[in-house]
Amino acid sequence: MDGMMASTVVPRGRTVVVKCGGSTLVNASLRHSFAQDVVELRRAGLHPVVVHGGGPQISAMLDRLALEVRFEAGMRVTTPETMDVVRMVLTGQVQRDLVGAINAHGPFAVGMSGEDAHTLTAERRPARVDGRPVDIGLVGDVVAVAPDTVRNLLADGRVPVVSPVARGKDGRVYNVNADLAASALAVALGADRLVMLTDVPGLYADWPRSTEVVPRLTAGELDALLPGLAGGMLPKMEGCLRAVRSGVGRVHVLDGRVPHAVLRGVLTEENPGTTVLPDPATDDSDSSGVSDTSDGSTAA
């Protein structure tokens with residue numbers, strides 16, 4: 001991007017995981033600027049990994065097929081029929097469009113699913129609404145990550161583009177929230193940064209009474225706020241908390257509706273969003289639910 005500084009506040013050779021929501025990818029202009037940002041991160045000597053969502057596209061296809069669209073506890077209720085649509089749209093449509101946009105700049109991007117090479121393993125995620133348990137179907141929480149396939153692609157100079165679909169040890173396939181998938185992958189890769197693109201300016205300090213954005217907070221401060229969050233912001237900030245408490249240097253929550261938000265956030269750290277920082281060094285807790293194993297993967 002013209003006028004962007006060539007140097008980066010993130011050391012060369014470090015991994016940056018970027019989660020891009022489907023709402024950003026619906027807009028062709030934003031998809032184009034996002035692809036430019038990813039390529040510029042690579043040219044700056046970083047190793048970008050993209051995890052994408054596809055909520056609007058999935059809902060549109062469900063509407064076309066006359067299947068129910070319903071959310072509980074910030075998650076899409078996923079029946080077996082819905083899961084078929086999720087896999088089809090994420091890997092067959094959204095991912096293809098994003099890989100194509102990045103590869104318009106060179107042979108960089110390679111698409112993959114969390115199912116590939118058992119990269120992501122999930123188990124059914126419990127959910128509660130107003131204190132009562134609710135059944136959200138085939139929605140999974142990542143309990144193991146085998147990052148070697150992603151690492152090999154990075155070593156080959158590629159940009160992995162990952163769909164948040166995961167296998168389960170029970171033989172089922174699970175729909176994983178893209179924010180939580182990005183968080184788990186960032187932890188497993190030892191990423192320096194995790195970037196969460198959303199469709200709001202950042203974490204609101206007192207929503208809905210105020211639209212003031214919290215510019216910066218620690219993991220402990222976020223932990224205290226988490227019970228009061230709702231909707232799609234709840235899994236997003238849950239993912240942020242897991243990441244910074246499990247070794248990721250920091251997390252940026254940025255407005256994906258702003259062109260080149262990723263480039264400004266990572267290369268200059270001049271962004272109006274929310275930055276989540278680890279707790280002081282004395283706090284070595286790990287709330288991710290995922291731990292390292294000797295084979296380079298992670299497991300519960």
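Key figures for this structure:
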{"read-out": "Nitroxide proxy distance, nm - points 7 Å out along Cα→Cβ at ASP170 and ALA117", "value": "2.8"}
{"read-out": "Length-normalised contact order of the range 110-166 in % [C-alpha pairs under 8 Å, at least 6 apart]", "value": "50"}
{"read-out": "Of ALA186, ALA101, ALA243, the one that fluctuates the most in a GNM where the chain has Cα springs shorter than 10 Å", "value": "ALA101"}
{"read-out": "Calculated semi-axes √(5λ) of the Cα gyration tensor in Å (choose from [x] 33, 20, 18; [y] 67, 17, 15; [z] 25, 23, 20), label", "value": "[z]"}
{"read-out": "Fraction of accessible area attributable to carbon and sulfur, the chain (%, probe 1.4 Å)", "value": "50"}
{"read-out": "Estimated dipole of the range 95-230 in Debye, rounded to 20 [Cβ of Lys and Arg +1, of Asp and Glu -1, Cα centre]", "value": "200"}
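The values are calculated or read from the model by the stated rules, or taken from the named source; none is laboratory data. Note that the coordinates shown come from a computational prediction; the quantities given were computed from them, not determined experimentally. Glycine also receives a Cβ, built like all others from the backbone with ideal geometry; neighbour counts cover every protein chain displayed. These area figures cover heavy atoms from the full protein model, side chains too; ligands, DNA and RNA do not enter into them. Shrake-Rupley method; radii C 1.70, N 1.55, O 1.52, S 1.80 Å.
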